[in-house]
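The values are calculated or read from the model by the stated rules, or taken from the named source; none is laboratory data. Please read all numbers here as calculations on a predicted model, not as lab measurements. Here Cβ is always computed from backbone atoms with ideal geometry, including for glycine, and neighbour counts include all displayed protein chains. Side chains included, ligands, DNA and RNA excluded: accessible areas come from the protein's heavy atoms. Shrake-Rupley method; radii C 1.70, N 1.55, O 1.52, S 1.80 Å.
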Amino acid sequence: GRYNKPARVKGRGEIITPINDFNNIYGVLVFDDMFFSTKEVYSTYDKIEKRDVLNNDLENAARLMLGGNKIIEIENVLKDNGAYLASLTGSGGGIFGLFETKEAAISVQNKLKDSFVFIHYFESVE
């Protein structure tokens, strides 16, 4: 189903629990010609130690793959520009950064628009 609100997603994306008490989220999504084979990411994931915390274990796997150092570089650029969180989306390709305000996220999008192949502002829906 479509929830149009923040949710915690588990499994292969089929276990969706909406989060009702959640502040608005403001962020940017970055793509920079970085592609990871989902099959290879999951294969690497199967070989690494898992953590039982709120994080993206697939990112840990993607970081070990060819080109994975670019994930860290882009996350650091976002954090250096005020993101309080930066992470890989799913098994890879995109990286998002979250900001305290809409203005901060839009400002970073405008500042970094020529630094990446694609950068786009987003916000959570109510």
Query raised in the report: Each label point is 7 Å from the Cα along the Cα-to-Cβ direction; what then is the distance between the points at LEU29 and LEU64, in nm?
Result: 2.8
Query raised in the report: Got a sec to turn the phi values of the range 25-31 into Karplus ³J(HN,Hα) couplings, 6.51 cos²θ - 1.76 cosθ + 1.60 with θ = phi - 60°, whole Hz, x for Gly and Pro?
Result: 10, 10, x, 10, 10, 10, 10
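Do any GluC sites (Glu not before Pro) in the range 13-80 lie in a DSSP loop with no more than 13 other beta carbon atoms within 10 Å, and if so, which?
On the way: sites: GLU14, GLU40, GLU49, GLU59, GLU73, GLU75; in loops: GLU14, GLU49.
When the GluC sites (Glu not before Pro) of the range 13-80 are filtered for loop state and at most 13 Cβ neighbours within 10 Å, GLU14, GLU49 remain.
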**Report entry** Where chymotrypsin sites (Phe, Trp or Tyr not before Pro) in DSSP loops with at most 14 other Cβ within 10 Å are excluded, longest remaining stretch of the chain
**Finding:** 36-83
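What net charge do the residues around ALA86 carry, taking every other residue with its C-beta under 12 Å from that of ALA86, with Lys and Arg at +1 and Asp and Glu at -1? It would help to have the intermediate numbers written out before the result.
Details: positive: LYS79; negative: GLU59, GLU73, GLU75, ASP80.
The answer is -3.
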Query - Residues of the chain: accessible area per residue with a 1.4 Å probe, Å² - result: 66
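Suppose only helical runs count, i.e. DSSP H with n ≥ 4. What mean residue ellipticity at 222 nm does that imply for the chain under -39500 (n - 2.57) per run, divided by all residues and rounded to the nearest 500 deg cm²/dmol?
On the way: 4 runs with 38 residues, N = 126.
After summing the helix terms and dividing by residue count, I get -8500 deg cm²/dmol.
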**Report entry** Signed unit charges on C-beta, dipole axis of the chain, positive-most listed residue MET34, SER115, VAL9
**Finding:** VAL9
Requested in this report: Convert each backbone phi in the range 58-68 into a coupling constant with the Karplus relation 6.51 cos²θ - 1.76 cosθ + 1.60 (shift: θ = phi - 60°), then list the ³J(HN,Hα) values in order as whole Hz, x for Gly and Pro.
Outcome: 5, 5, 4, 5, 4, 4, 7, 8, 4, x, x
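Suppose a student asked you for the relative contact order of the range 35-122, using Cα pairs under 8 Å spaced at least 6 residues apart; what percent would you report? The partial results should precede the final answer.
Values: 93 pairs, mean separation 20.1, N = 88.
Value for the range 35-122: 23 percent.
Only four residue types carry charge here, +1 at the Cβ of Lys and Arg and -1 at the Cβ of Asp and Glu. Report the dipole size of the chain about the Cα centre in Debye, rounded to the nearest 20.
So the magnitude is around 280 debye.
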Report summary line: Under Stokes-Einstein, the chain at 20 °C and 1.002 mPa s, with its Kirkwood radius over C-alpha pairs, diffuses with a coefficient in µm²/s of 139
Query raised in the report: Do any trypsin sites (Lys or Arg not before Pro) in the range 36-126 lie in a DSSP loop with no more than 16 other beta carbon atoms within 10 Å, and if so, which?
Result: LYS47, LYS50, ARG51, LYS113
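Which FRET efficiency value, to the nearest 0.05, do you get for GLU49 and ILE106 by plugging their Cβ-Cβ distance into 1/(1 + (r/R0)^6) with R0 = 41 Å?
0.60
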